[in-house]
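Below you'll find the structure, written out as structure tokens, and then a few comments.
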Amino acid sequence: MATVSFQGATRHFPGSDKPAVDKLDLDIEDGEFMVLVGPSGCGKSTSLRMLAGLEEVDAGSIRIGDRDITNLPPKDRDIAMVFQNYALYPHMTVADNMGFALKMANTPKDEREKRVREAAEILALTDYLHRKPAALSGGQRQRVAMGRAIVRSPQVFCMDEPLSNLDAKLRVSTRTQIASLQRRLGVTTVYVTHDQVEAMTMGDRVAVLKDGLLEQVDTPLGLYDNPNTLFVAGFMGSPAMNLLPGELREDGAVVDGHLIKVQITAEERRGHDGEVTVGIRPEDFRVSDGDEGLPIKVGVVEELGADAYIYGTVGGSDGDDAITSGRDVVVRMEARRSVQKGETIHVTAEPENVRVFVTETGERLCGG
Amino acid sequence: MKALRVSLLAVLTLLFVSPVLFMFLTSFKTRQEAGRTPPTLFPEKPTTQAYDQILNAPDTPMLQWFANSLFAASLHSLLVVATSALAAYALARMDFRGKKPVFALIVATLFVPPVILIIPNYEIVARLYWLDTLIAIIVPTAANAFGVFFLRQFFLQLPRELEESAFLDGANRWQTFWRVVLPLSRPALVTLALLAFLTNWNDFLWPVYVLFSPENQTLQAGLSTLQAANSVRYDLLMAGAVIASVPVLILFVIAQRYVIEGVSRSGLKG
Ligand SMILES: Nc1ncnc2c1ncn2[C@@H]1O[C@H](COP(=O)(O)OP(=O)(O)OP(=O)(O)O)[C@@H](O)[C@H]1O
Ligand SMILES: [Mg+2]
């Protein structure tokens, strides 16, 4: 068991004009499930591969426990990795795949077989131990890849999008299996995904990356409730937070001619005035009875049974002086409210649930 | 459409098979019939005379030649695969200074016509006192530019993650090469081994230059002495040729599964 710590870890691929991973500082606790999440090309895999020793570290350092592993070859790092394509050895049986690392470590044969059998039992692979990977289903291969990692009882698991080759249903069930297996084994895990739902549901903490830079690290709910930047606000949560351009005034922010009340102190305001982005989660909107609040023209009503999502645009049909910007808005409300397409509803939000971001820099001023 | 394709294939097959068939049939003819013009197709009185004579003549030790060829071609093919695989892996997966020029140089030698090398190679072999020994057949060209090129292309298209996975599993470079890369490359290795074996087995000019004693000849070189010694004995020549092609045919039947896979996997197939 061990902690993992990135200290200013940087990878700059030769020939590219900016680093793929830029001065990454990240401390992962012993036994923690850390998810790296972000859009394609943000440097998630590169960060993971630096930890595994498959990618050079151009600056900074990486430690496991109190060992500086920055320049150690992969085989001396005691890390097991699950690859996106599983990378099972096609010419070996499932048992040999899982036992390969132990064989390389000269573990005695009976010990090896015992540990492979134990891992196979945990992962329900006992019946397939003598098959080659080609004769397995996608889900079974995924489990063999997991098995290969847990057989070793390494200090750290690295997983690079291990679920992305599974169909949607299997992905959901495997997600919980991996998470509970990790809790049970207590092995420090770094898990890469571009799927924020995976990040939210699996991680003890989640690190959001963008363009090689770490945006924010926090618990899933911490990120959801207190996104520090516009990017994190828009990335975490599904449907995403509504991000509406507005203008910050004394008493609130004006969005398309409608005042939205915000809770902001002079200190938080830091002298900012004018252009901001107002962030409100779909579930933080309240549909008002009258015509108080932001008018929204209903486009699509998605009834999910337990609740409903309204996809609409800002600006009503009731004329007056409101600017009809046509900006997309998502509102969650109770199910079966019989709101019709084309109708106009008005929504409000509690001031403490309204986040305000500086549009230019993306930094958050208040809310959450 | 299908009928057309089948008949086209039939014609092509006939075209390729007919010389082999003719060789086979002629080897069972009598000396007189084999030399006749116009030639007959089927032997009038099938006989194994030619085989009896060729296998028992003291001045043409066929079985010895056969053994020489088998030994030389097998060892040569093993050497080719060994040197090519090592060089190709280094060129495909390891980083070192001058990698690109080295590879370019190796590929460039593919364009040198082999005949040009006969004299310099002869000089070298002579100075090493390898003349009139099988070493002269086995060792030169064991470092094979084509083999390096062919295997490098194959190694390049193996998924990198497999090797990375092996590294993380604690394997060192050699173990990764030996336990992961080579087993996965079996089709390519078999294909290369087969090609090297056949080239060596069929080589005629070089053995004629460097082997002198009758008992040291390879099969191809030895067969040519049949022609010189007794005017032209087609029956004997064809019997010899049949014996020479047997291992080739056997090998090909065993290995064709791999060869087809090797050629299609390496992307050389159109
Ligand atoms: N071997 C390489 N050589 C040069 N550039 C690379 C290399 N590998 C990755 N990059 C670049 O580094 C950046 C980060 O890549 P990385 O693979 O870490 O992204 P990612 O976050 O894993 O994305 P994805 O979700 O698509 O897998 C990308 O811009 C990519 O083009
Ligand atoms: Mg990636």
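Just tell me how shielded A:83-90 is by partners: mean number of partner chain Cβ atoms within 10 Å of each residue's Cβ, no decimals.
Partner-chain Cβ atoms within 10 Å, mean over residues of A:83-90: 5.
Could I have the simple spin-label model distance between A:THR265 and A:GLU363, label points 7 Å from Cα toward Cβ, reported in nm to one decimal?
The answer from the label model is 1.7 nm.
Could you work out the relative contact order of chain B? I mean the mean sequence separation of Cα pairs under 8 Å and 6+ apart, divided by the number of residues, in percent.
Relative contact order here is 31 percent.
If packing is taken as the mean number of other Cβ atoms within 10 Å per residue, what is the order of B:33-42, B:215-224, highest first?
Those peptides, ordered most packed to least, come out B:215-224, B:33-42.
Taking amide H positions as placed 1.01 Å from N in the peptide plane, with prolines and chain starts having none, which residues 5 or more places from A:LEU24, or on another chain, fall under 5 Å of its amide H?
A:GLY8, A:ALA9, A:THR10
At a 10 angstrom cut-off on C-beta neighbours, averaged per residue, how do the peptides B:54-66, B:3-15, A:223-235 rank from highest to lowest?
The most tightly packed comes first, giving A:223-235, B:54-66, B:3-15.
Testing the spin-label approximation: label points 7 Å from Cα along Cα→Cβ at A:LYS169 and B:LEU205. State their distance in nm.
6.7
How much accessible surface area, in Å² rounded to 10, belongs to the heavy atoms of A:ARG332 with a 1.4 Å probe?
90
Note the full-extension length gain between B:ARG97 and B:THR133 as 0.36 nm times their separation in residues minus their Cα-Cα distance, in nm to one decimal.
9.1 nm
Where nothing but the Cβ of Lys and Arg (+1) and of Asp and Glu (-1) is charged, how large is the charge dipole of segment B:17-265 around its Cα centre, in debye to the nearest 20?
Rounded to the nearest 20 debye, it is 560 debye.
Out of A:ARG269, A:ARG152, A:ARG77, any idea which swings most in a Gaussian network model of chain A, alpha carbons joined below 10 Å?
In the Gaussian network model the winner is A:ARG269.
Using a 10 Å cut-off around each Cβ of peptide B:157-164, what is the average number of partner chain Cβ atoms that fall inside?
4
Would you mind getting me the FRET efficiency between A:ASP68 and A:ASP110? Use the beta-carbon distance for r and R0 = 41 Å, nearest 0.05.
Here the calculated transfer efficiency is 0.70.
Name the long-range amide H neighbours of A:ARG281: under 5 Å, sequence gap of 5 or more, or other chain; modelled H, no Pro or chain starts.
For A:ARG281, the qualifying residues are A:ASN242.
Given the -39500 (n - 2.57) contribution per DSSP H run of 4+ residues, what per-residue ellipticity at 222 nm results for chain A, rounded to the nearest 500 deg cm²/dmol?
After summing the helix terms and dividing by residue count, I get -7000 deg cm²/dmol.
When Cβ neighbours within 10 Å are restricted to other protein chains, what is their mean count per residue of peptide B:168-178?
6
Report, by chain and number, residues whose modeled amide H sits under 5 Å from the one on A:LEU36, excluding near sequence neighbours (fewer than 5 apart, same chain).
Amide H neighbours of A:LEU36, under 5 Å, 5+ apart: A:TYR191, A:VAL192, A:THR193, A:ALA207.
Mean 1/r over all different Cα pairs, inverted: what Kirkwood radius does the protein assembly as shown give, in Å?
31.1
The values are calculated or read from the model by the stated rules, or taken from the named source; none is laboratory data. All values derive from a computational prediction rather than experimental measurement. A quick note on method: Cβ atoms are made from the backbone with ideal geometry, for glycine too, and the neighbour counts reach across all protein chains shown. The area values use the complete protein model at the heavy-atom level, side chains included, leaving out ligands, DNA and RNA. Shrake-Rupley method; radii C 1.70, N 1.55, O 1.52, S 1.80 Å.
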